[in-house]
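Let me begin by presenting the structure, written as structure tokens, before commenting on it.
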Amino acid sequence: MIEKLSHDLLSEFAGLPVYEFSFPSIEKAAQGGFPQDVEAWAWRIALTRADHDIEFGQVFAVFLETVDTTRVRALILGNWLFGYDPQVGSDVATEPLVEHAARFPALEALFVGDMASYQVEISWIQQADPGPLFTAFPGLRNFGLRGTTELTMAPFKHAALEELAFQGGGLPPEVVHAICAAELPSLTGLDLYLGTPEYNGGATPEDLAPILGGQAFPGLRHLGLRDAENQDEIAAALAHAPIVAQLETLDLSLGILSDEGAAALLAGQPMTHLTSLDLHYHYLSEEMMQRLREALPGVEVHVGEQVEPDVWDGESHRYIAVSE
């Protein structure tokens, strides 16, 4: 599952180490030296910091010429920002991939937007509708993207998709609605960074109702509703949500979870069947952390990264972990 958000680049994806396919010049690329055990790597196609005159399409074209793409199992579309212009959207990377989808018959895992914070802030990454990717690659089992600016999506169908992750500072509620309405019979893992309204996020429990009710994805075993400004409200809804009974792992990390939300979880349905409850980066008191551990003795309760509210002008301010 693509659970961890790194402000650096992915070093592993879909269980494979990442090999970065990038170069400072076309002449450098012509020297080759790329791995021949193609299926053993997750390939990241990206522009480097040294690129001045190369566009993403050129790097992708070289990839098609030099790598046996019929053996590529995992692919990462990395930095596509020619001239480091954040206004350049993901379509410059996804459209060539869709055009040449037939060249990737073995592709099972795809990540769009693997960019480090030194390249671009996560809130500046502009995404396009991923729908054409789902249509072009019916064999995909694992899909993730980073950045939700300009992200739009319509409900879609995909028979094989098992893991789905959206990372960003604000997942638009209309995108949440599209995910809830998607037909994904094989989905076992879903990870959503709900974010803040400041970055077009802020989905409510009502927006998430098909997921929480268990109707949307009956095979779901992992659910991450993370990085939420309304994390207490989400926790309270999960306390009585039918989906919880079928889960093995639940992730409410990176948001502004307080004792109020944690108390609601403990007062709700039993969660002792979970193998993991991830709450790291939170605003819980020491007493509440101890209550959680005692109430869930057989569960791995992750309560690292305790955060203190900022107080100024006599007011307390709490912040999600991933926004800008």
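Quick notes on this structure:
- Any chance Val67 is of a type in the set (Val, Ile, Thr), touching a Pro at 6+ places or on another chain (Cβ under 9 Å), within 30 Å of Phe217 (Cβ to Cβ) and not assigned by TED's automatic domain parsing to the domain that holds Ser323: no
- When Leu279 is tested against (1) surrounded by fewer than 18 Cβ atoms within 10 Å (Cβ to Cβ); (2) touching a strand residue (DSSP E or B) at 6+ places or on another chain (Cβ under 8 Å), exactly one condition is not met: (1).
- Condition check for Ala106: among the aliphatic types (A, V, I, L, M) and over 23 Å from Thr196 (Cβ atoms): yes
- Within segment 134-157, the residues that satisfy the criterion of being over 15 Å from the mean Cα position of the chain (by Cα) and more than 19 Å from Cys180 (Cβ to Cβ) are Thr135, Ala136, Phe137, Pro138, Gly139, Leu140, Glu150.
Residues are listed down the side, and each one gets a yes or a no for (1) in a loop (DSSP other than H, G, I, E, B); (2) closer than 17 Å to Gln36 by Cα; (3) in contact (Cβ under 8 Å) with a residue 60 or more places away in the chain:
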position	(1), (2), (3)
Gly57	no, no, no
Phe63	no, yes, no
Ile76	no, no, yes
Gly89	yes, no, yes
Val92	no, no, no
Val98	no, no, no
Phe111	no, no, yes
Ser117	yes, no, yes
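- Verdict on His222 being in contact with a Leu (Cβ under 9 Å, 6 or more places away or on another chain), surrounded by 16 or more Cβ atoms within 10 Å (Cβ to Cβ) and modelled with pLDDT of 95 or more: yes
Matching residues to (1) in contact with a strand residue (DSSP E or B) (Cβ under 8 Å, 6 or more places away or on another chain); (2) among the charged types (D, E, K, R); (3) at pLDDT 95 or above; (4) within 23 Å of Pro17 (Cα to Cα):
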| position | (1), (2), (3), (4) |
| --- | --- |
| Asp85 | no, yes, no, no |
| Ala116 | no, no, no, yes |
| Gly139 | no, no, yes, yes |
| Phe156 | yes, no, yes, no |
| His177 | no, no, yes, no |
| Glu183 | yes, yes, yes, no |
| Ser186 | no, no, yes, no |
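Every residue, every condition in (1) out of contact with any Asp or Glu (no Cβ under 6 Å at 6 or more places or on another chain); (2) closer than 24 Å to Gly170 by Cβ; (3) aliphatic (A, V, I, L, M), yes or no:
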position	(1), (2), (3)
Glu233	yes, yes, no
Gln246	yes, no, no
Glu260	no, yes, no
Tyr283	yes, yes, no
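- Residue in segment 163-172 that is among the polar types (S, T, N, Q) and either closer than 16 Å to Val322 by Cβ or in a helix (DSSP H, G or I) (or both) present: yes
To keep it simple, each residue is scored yes or no on (1) within 27 Å of the chain's Cα centre (by Cα); (2) among the hydrophobic types (A, V, I, L, M, F, W, C).
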residue	(1), (2)
Ala245	yes, yes
Leu250	yes, yes
Thr272	yes, no
Ser276	yes, no
Glu287	no, no
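- Only one of the numbered conditions (1) in contact with a strand residue (DSSP E or B) (Cβ under 8 Å, 6 or more places away or on another chain); (2) within 22 Å of Cys180 (Cβ to Cβ) is not met by Pro242, and that is (1).
- Exactly one residue out of His280, His317 is closer than 30 Å to Glu121 by Cβ and modelled with pLDDT of 95 or more: that is His280.
- Pick from segment 33-60, criterion hydrophobic (A, V, I, L, M, F, W, C), farther than 23 Å from Val120 by Cβ and at pLDDT 90 or above, ranking: surrounded by the most Cβ atoms within 10 Å (Cβ to Cβ): Trp41
- Those strands (runs of 3 or more DSSP E) lying entirely in segment 176-256 with at least 2 residues among the aliphatic types (A, V, I, L, M): 189-195, 222-228
- Selected residue (only one of Ala203, Ala216, Ala178 is more than 27 Å from Phe137 (Cα to Cα) and not assigned by TED's automatic domain parsing to the domain that holds Leu133): Ala203
The values are calculated or read from the model by the stated rules, or taken from the named source; none is laboratory data. Just so it is clear, the model here is predicted, and its values are computed rather than measured. We place every Cβ from the backbone using ideal geometry, glycine too, and count neighbours over all the protein chains shown.
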